[in-house]
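Here is the structure we will look at, set down as structure tokens.
The values are calculated or read from the model by the stated rules, or taken from the named source; none is laboratory data. This one's a predicted model, so the numbers in the text were calculated from it and none came from an experiment. Quick reminder, even Gly has a Cβ in these numbers, built from the backbone with ideal geometry, and neighbours come from all protein chains shown.
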């Protein structure tokens, strides 16, 4: 039986920890092989260190975090604010997806407060769409693979889009059992305490993460800690009723009926 594979693709070191580390941990517990990829080096995430030093520090922190999660780490291909939705970058993202061969791709929300997040989302979605298209060449060249790929979008920071409109999860994942490990992986990003305090007024980035998981859990009306997800439309990716996250996590997964009622395609 082939190994089931999931990859989290996010913009910056620590984005995965905030939004999707709990889900990754639960997939690993369910027997999935998990992969961890920040597209950017995080080189702008400091007021004290220069760009080169910051990137080096954050690279080590990300590798440490991936090790805590038990995930395979992949190196960044861009710098902060330079994640652009263009063909050369898309070819590189396609190469990683074809190498990993995931059937689940976890990535950013299409609506978010930051262009790096949204461009990473677009790159991940298009590269997943092209996973079986041999006429789209990846860089480096990697063979395409068959099979379904289901894309899930995490919640944006603050649970709203760039115009302050509320984003509602389509499903909730109960992360209470892995919450402390999730926080430990975020704590590996030690350099971010002062940066997030100064740049985004996050009093304590660990507390911010804890508060966010509790806020999503309240919306679930069931869990103590949770991560929220929206499933991408199936066209070109997978069968209409495919929901491998639901199938893998069982009782730790809860659909949001209010969201599903507004969807043309519900499961």
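How about the range 143-156: which of its residues are in a loop (DSSP other than H, G, I, E, B) and surrounded by 18 or more Cβ atoms within 10 Å (Cβ to Cβ)? Result: 149, 155, 156.
When you scan the range 65-73, do you find a residue that is out of contact with any strand residue (DSSP E or B) (no Cβ under 8 Å at 6 or more places or on another chain), in a loop (DSSP other than H, G, I, E, B) and over 20 Å from residue 143 (Cα atoms), even just one? No; the residues of the range 65-73 include none that is out of contact with any strand residue (DSSP E or B) (no Cβ under 8 Å at 6 or more places or on another chain), in a loop (DSSP other than H, G, I, E, B) and over 20 Å from residue 143 (Cα atoms).
Looking across the range 126-137, just one residue is buried (at least 23 other Cβ atoms within 10 Å of the Cβ) and touching a residue at least 40 places away in the same chain (Cβ under 8 Å), and that is 128. Only one of the listed residues (88, 75, 102, 13) is under 16 Å from the mean Cα position of the chain (by Cα) and surrounded by fewer than 24 Cβ atoms within 10 Å (Cβ to Cβ). That residue is 75.
Can we say residue 8 is more than 22 Å from residue 244 (Cβ to Cβ), touching a helix residue (DSSP H, G or I) at 6+ places or on another chain (Cβ under 7 Å), crowded, with 24+ Cβ neighbours inside 10 Å and at pLDDT 95 or above? Criteria not met by residue 8. Of the strands (runs of 3 or more DSSP E) lying entirely inside the range 157-267, the ones with 2 or more residues being over 17 Å from the mean Cα position of the chain (by Cα) and either surrounded by 14 or more Cβ atoms within 10 Å (Cβ to Cβ) or modelled with pLDDT of 95 or more (or both) are found at 253-255.
Taking (1) surrounded by 24 or more Cβ atoms within 10 Å (Cβ to Cβ); (2) free of Cβ contacts under 8 Å to residues at least 40 places away in the same chain; (3) assigned to a loop (DSSP other than H, G, I, E, B); (4) on the phi < 0 side of the Ramachandran plot in turn, residue 42 satisfies each apart from (4). Taking each residue of the range 217-245 that is on the phi > 0 side of the Ramachandran plot and looking for partners that are buried (at least 18 other Cβ atoms within 10 Å of the Cβ) and assigned to a helix (DSSP H, G or I) with beta-carbon atoms closer than 7 Å, six or more apart or interchain, yields 236/129.
Picking from residues in the range 105-124 that are crowded, with 22+ Cβ neighbours inside 10 Å and closer than 19 Å to residue 236 by Cβ, the one that is farthest from the chain's Cα centre (by Cα) is 123.
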